[in-house]
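The values are calculated or read from the model by the stated rules, or taken from the named source; none is laboratory data. Everything numeric here is computed off the predicted structure, so don't read it as measured data. Because the Cβ atoms are built from the backbone with ideal geometry, glycine has one as well, and the counts that use them run over all protein chains shown. Quick note on the areas: whole protein, heavy atoms, side chains included, nothing else; ligands and nucleic acids left out. Shrake-Rupley method; radii C 1.70, N 1.55, O 1.52, S 1.80 Å.
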Amino acid sequence: MRRGLIVWNPEEIPPAALDARLARLRAAMAEAGLDGMILYTNFVRPAAVAWVSSFSPYWADAILFIPADGQPIFATSMSTRMNGWIRTVNPVGEVVNTRRPGVLVGEWLRDRPAIGRVGVVEIDGLPAGIHDDLVETAPAVALVEASALFAAVRGPVDETEHHLLTKADALARAGLAAVDPALMRHAGPLVGAVEQAARLGGAEEAYIALAADLAQDTRFGRLSGDLPVGDTFAIRASVAYKGVWVRRIRSYATDPAVAAALVGLDGWFAALLAGLDPGQGLAAQVDRAARARGAEVLGLMVEQCTGTYPLQAAADAGAPPRPGVLHVVSLTLAQGALTWAGAAPVVPGDPLGDTDDRPDRQVA
Amino acid sequence: MLQQDRIDRVSGVMDEAGVEILVVYGNAWQNDYLRYIADFGVLEGQALAVMRRGGEVTLYLDSPLEVDRAAVEAPGLRVVHTPDLVSVVGRVLSSAANTSIAAAPMHLLPRGIAARSSELRMTDLTGRLDHLLMNKLQAEVDAIRAASHLADEGYEVFVRAARTGRADYELIAEVESFYRAKGVDDNFMIVGVGGPEVRGMSPPSGKVLKPGDLVTTELTPCVGGYYVQICRTLVVGEASPEQQAAFAIYNTAMEAGIATVRHGALASDVARAENDVFRAHGLGDYVTDTYTRVRGHGLGLYVDTKPAILESVHTPLEAGMTIVVHPNTYHPVVGYMVHGDALIVTQNGAEVLTRTPRRLFQVPA
């Protein structure tokens, strides 16, 4: 559940940037013969709408209807009481409150007979209630799958998203830096410290997961409380900043020599990601590099943001990445007696920078 | 074991309805139906659980990270990873041709599954599961009771954190850190900061606390999947006479609502008792949906379950239900205020769970 800072900052997300994204999407829609596009958003699937409008939901769901021209319509099941808040986080489109967003948008479509084809991102995943309302209210409109079209437009990171990713990554790193493995020997204080640091820095959301004893199990759980951790453990910080998400994993050890070895692998991994060849599959490069240093690869995942999910395992990690697209690479390996886990965001060929920006603060 | 008891209840419902296979959808926002049968709180991605009448449950997850989490947190659960939930679960259902299939919650089921309802002869079991979610097992009530102190303790942390010059998200950061230390994995929490310009609560927006501000919060820790809620209002500095007078109305309204709670009372009775206090003070406009959503609601495996406490909802309360009574709304002089306590409906009244004093808190300016 979202508890972090949610606010639209026009300096960080300029209206012109959102206009440019909308223009690119509309150009692709025109080329595909679409009269409109429907993007769904809820707490778990906010990314498509966030990219177009900066909006991240904390409650309920909504659809953003993008006509070929004219103002987009944000049809939300949140009540009119929340419109003031919605306007502080969503500068795009006309906000309409309705218990049945599908009916509202369907009526808009029905009243415009020239509209024949409307794309829907991830149509098979659209909640049945919304889909059925759309179909029943506007039966003459063909709803067509548009995920590939949206992914093609959305993929590359623009300057605005680059800034937000850099900020999100800084928050994740700051959170992970708050861990002292010598002093914090239980899950609760560990994850709490990481989460608090990220939230104090202005994270919109922070999911902190723990592999409590890397010698026993390299899988991560949502663990907290007084669960003891082993001599080596790893923490995964999944952090959102103004609608964009990154993941970072860092491994820790109580033994200084082991800790130094883990830090050495951190450096190797960072250099590896910085030097990835954007013309080859990322997973293959990472796997080759790990094996080249004599490590056993225990887990490897490459994620992207192409649709409504903030991050999702890439369907084809073997293919060369699209230029300028955000990837998150997660790797777990064993090298001798040492087990190490790491994850970091990477835009192949376009490194994320540092930022010291302070989070938004408003005087009421 | 609570989970087995829940499974047995659902099996019983399936038996009564003549259903052989139940498919349930869940995500981190709406997780109650899924958690009831799978005993796993999905966080990222989406999930479908397929339960057979005999009690066998298979959980389908589209996030590999969630698959790992399930292995760590629910090792006895049968889990299948698939990036394409609709196709894979669709094939499972197709292979069960000529058996009776039901689903819940129907309106959230992915369209790719729901569109095959006729072909699969799939019926809607949402209402029957709603009944199970509302009318809890004793072990569920005990779990909520055991967790209720965490709502109080979380609010103590919030009060200690609330000081002039601090931003709203900083207060929440402290509460979340506290909860992780206590083994509370999830929490639903919204805030409001300011004066008459504030119409409700929301996630933090960077508001900085200043003297005179009302700071409202709804704090809902989750323990073992079950949510407990408390709502309280504090003032930065000394409360004004107007703020004190307004609070007195909210407190009287909450207590009137709680006094109405008993087995057999209707949700509408509770709402009316709260609202009549406001009406008696000339504030009847402010108990309408222009200014407030509900006057309370159920608590359980979801933050905001049925029954909604509204004058239009005539659901009978039954002993063992867990609800929060909260006359949260806008006050035209001082702004938005909140005040709410969680409770268990008993045969003759209510067992109030949250113990935080019912006062308008004041923190040093």
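Can you give the Kirkwood hydrodynamic radius for region A:237-364, in Å, rounded to one decimal and based on Cα pairs?
On the way: mean 1/r = 0.0632 Å⁻¹.
Value: 15.8 Å, from the Cα pair sum.
Enumerate the calculated ³J(HN,Hα) couplings along region B:205-220 in order (Karplus 6.51 cos²θ - 1.76 cosθ + 1.60, θ = phi - 60°), each rounded to whole Hz, writing x wherever the residue is Gly or Pro.
Each residue's phi maps through the Karplus curve to give 10, x, 5, 9, 5, 9, x, x, 5, 8, 10, 9, 8, 10, 10, 9 Hz.
Using R₀ = 30 Å, calculate the FRET efficiency as 1/(1 + (r/R₀)^6) where r is the Cβ-Cβ separation of B:GLU156 and A:ALA60; round to 0.05.
On the way: r = 30 Å, r/R0 = 1.00.
That gives a FRET efficiency of 0.50.
Using a simple charge model, +1 on the beta-carbon of Lys and Arg, -1 on the beta-carbon of Asp and Glu, nothing else, what dipole does the protein assembly as shown show about its Cα centre, in debye to the nearest 20?
Working: 63 positive and 84 negative charges, 50 e Å.
In debye, rounded to 20, the protein assembly as shown gives about 240.
Mind checking which of A:TYR40, A:LEU64, A:SER54 is farthest towards the positive end of region A:9-69's charge dipole, using Cβ charges of +1 (Lys, Arg) and -1 (Asp, Glu) about the Cα centre?
Among A:TYR40, A:LEU64, A:SER54, the one farthest towards the positive end of the dipole of region A:9-69 is A:TYR40.
Could you report region B:21-75's accessible area per residue, 1.4 Å probe, as an integer in Å²? Write down the numbers at each step before the final one.
Working: 1210 Å² over 55 residues.
Per residue, region B:21-75 has 22 Å² of solvent-accessible surface.
Given H placed on each backbone N at 1.01 Å, which residues far from B:VAL198 in sequence or on other chains put an amide H within less than 5 Å of it?
When sequence neighbours closer than 5 places are left aside, the close amide H contacts are B:TYR336.
Tabulate in residue order the Karplus-calculated ³J(HN,Hα) for region B:131-142, using 6.51 cos²θ - 1.76 cosθ + 1.60 with θ = phi - 60°, rounded to whole Hz; enter x for Gly and Pro.
The phi angles translate into 4, 5, 5, 6, 9, 7, 5, 4, 5, 5, 4, 4 Hz.
Inside 10 Å of the C-beta atoms of B:63-72, what's the mean count of C-beta atoms belonging to other chains? Kindly include the intermediate steps, with their values, before the conclusion.
Numbers: counts 6, 6, 12, 1, 1, 9, 6, 2, 4, 10.
Mean partner-chain Cβ count within 10 Å for B:63-72: 6.
Within region A:232-272, what whole-number % of the accessible surface is contributed by carbon and sulfur, with the 1.4 Å probe and all protein chains included in the calculation?
Values: 800 of 1220 Å².
So the carbon and sulfur contribution to the accessible surface is 66 percent.
Enter the Cα centre distance for the pair region B:227-245 and region A:185-201, rounded to the nearest angstrom.
29 Å
Return P(r) of the protein assembly as shown (all Cα-Cα pairs; 20 Å bins starting at 0; whole %; ordered from short to long distances).
17, 51, 30, 2
Whole angstrom only: what separates the Cα centroid of region B:119-136 from the Cα centroid of region B:148-189?
Here the two parts' Cα centres lie 35 Å apart.
At 1.4 Å probe size, with no ligands or nucleic acids counted, give the accessible surface of B:HIS326 in Å², nearest ten.
We get 10 Å² for B:HIS326.
Quick one: angle between helix A:282-292 and the longest Cα principal axis of chain A, in degrees between 0 and 90, rounded to 10, please.
10 degrees
Normalised by the empirical 2.2 N^0.38 Å for globular proteins, what value does the Cα Rg of chain A take?
On the way: Rg = 21.8 Å, N = 364, 2.2 N^0.38 = 20.7 Å.
Here the answer is 1.06, to two decimals.
If you take each beta carbon of peptide B:115-123 and count the beta carbons of other chains within 10 angstrom, what is the mean? Don't skip to the end; give the middle numbers.
Working: counts 6, 0, 2, 0, 0, 0, 0, 0, 0.
That average works out to 1.
Where does helix A:15-31 land angle-wise versus the long Cα axis of chain A, in degrees 0 to 90, nearest 10?
Between helix and principal axis, roughly 70 degrees.
Each residue of region A:226-236 in order: what ³J(HN,Hα) in whole Hz does its phi give by Karplus 6.51 cos²θ - 1.76 cosθ + 1.60, θ = phi - 60°, with x for Gly and Pro?
Result, rounded to whole Hz: 9, 5, x, 9, x, 5, 10, 8, 9, 10, 10.
Consider all pairwise Cα distances in region A:47-181 and report the whole-number % of them above 17 Å.
On the way: 5918 of 9045 pairs.
When every Cα pair of region A:47-181 is considered, 65 percent fall beyond 17 Å.
Nearest 100 Å² is fine: what is the total accessible surface buried where chains A and B meet, probe 1.4 Å?
Numbers: alone 15690 and 14740 Å², together 25090 Å².
In total, this chain pair buries about 5300 Å².
Would you check the accessible area of B:ASP84, probe 1.4 Å, heavy atoms only, in square angstrom rounded to 10?
Roughly 70 Å² of B:ASP84 is accessible to a 1.4 Å probe.
Under the definition of Cα pairs under 8 Å and six or more residues apart, what whole-number percent is the relative contact order of region A:62-162? Don't jump to the answer; show the numbers that get you there.
Values: 123 pairs, mean separation 23.0, N = 101.
Relative CO of region A:62-162 lands at 23 percent.
Give the separation of the Cα centroids, region B:38-54 to region A:277-297, in Å.
35 Å
Could you state the angle between the C-alpha long axis of helix A:159-177 and the longest principal axis of the C-alpha atoms of chain A, as a value from 0 to 90 degrees rounded to the nearest 10?
The answer is roughly 40 degrees.
Please give the charge dipole size of region B:281-362, origin at the Cα centre, charges +1 on K and R Cβ atoms and -1 on D and E Cβ atoms. Round to the nearest 20 debye. Provide the component values of the computation, followed by the final result.
Working: 6 positive and 7 negative charges, 51 e Å.
The calculated dipole for region B:281-362 is roughly 240 debye.
Accessible surface of A:LYS242 in the full protein assembly, 1.4 angstrom probe, to the nearest 10 Å²?
Spelled out: A:LYS242, probe radius 1.4 Å, area about 10 Å².
Per DSSP H run of n ≥ 4, the term is -39500 (n - 2.57); total these for chain B, divide by its residue number, and report the mean residue ellipticity at 222 nm rounded to 500 deg cm²/dmol. Mind showing how you got there, number by number?
On the way: 11 runs with 133 residues, N = 365.
Rounded to the nearest 500, it is -11500 deg cm²/dmol.
If I model a spin label as a point 7 Å beyond the Cα along the Cα-Cβ vector, how far apart are those points for A:ASP158 and B:VAL208 in nm?
So the two model labels end up 3.1 nm from each other.
Pop a pseudo-label 7 angstrom from the Cα along the beta-carbon direction at both A:ASP217 and A:TRP268 and give the gap in nm to one decimal.
Spacing of the two 7 Å Cα→Cβ label points: 2.7 nm.
Under 5 Å between amide hydrogens, which residues at least 5 positions from B:ALA47 or on another chain qualify, with H placed 1.01 Å from N in the peptide plane?
B:GLY26
For B:VAL198, B:VAL352, write out the residues from largest to smallest accessible area, computed with a 1.4 angstrom probe and no ligands counted.
Details: B:VAL198 15, B:VAL352 35 Å².
The most accessible residue leads, giving B:VAL352, B:VAL198.
Give me Rg/Rg_expected for region B:96-235, where Rg uses Cα atoms only and Rg_expected = 2.2 N^0.38 Å with N residues.
With N residues counted in region B:96-235, Rg over 2.2 N^0.38 Å equals 1.44.
Going from most exposed to least, what order do B:SER118, B:SER63 have by accessible area with a 1.4 Å probe? Let's see the in-between values first.
Numbers: B:SER118 105, B:SER63 15 Å².
Listed by decreasing accessible area, they come as B:SER118, B:SER63.
Leaving out same-chain residues fewer than 8 places away, which lysines sit with a Cα under 26 Å from that of A:LYS167?
The qualifying lysines are A:LYS242, B:LYS207.
Quick one: which residues, 5+ away or cross-chain, put their amide H under 5 Å from the amide H of B:THR123? H built at 1.01 Å from N.
Those lying under 5 Å, H to H, from B:THR123 are B:ILE101, B:ALA102, B:ALA103.
Does chain B classify as rounded, prolate or oblate by the C-alpha gyration tensor (a ≥ b ≥ c root eigenvalues; a/c under 1.5 gives rounded; else a/b over b/c gives prolate, otherwise oblate)? Show your work: numbers first, answer last.
Values: a/c = 2.24, a/b = 1.71, b/c = 1.31.
It comes out prolate by the Cα gyration axes.
Using only the Cα atoms of region B:187-235, what do you get for the radius of gyration and for Dmax, in Å?
Just the Cα atoms of region B:187-235 yield Rg and Dmax of 12.1, 38 Å.
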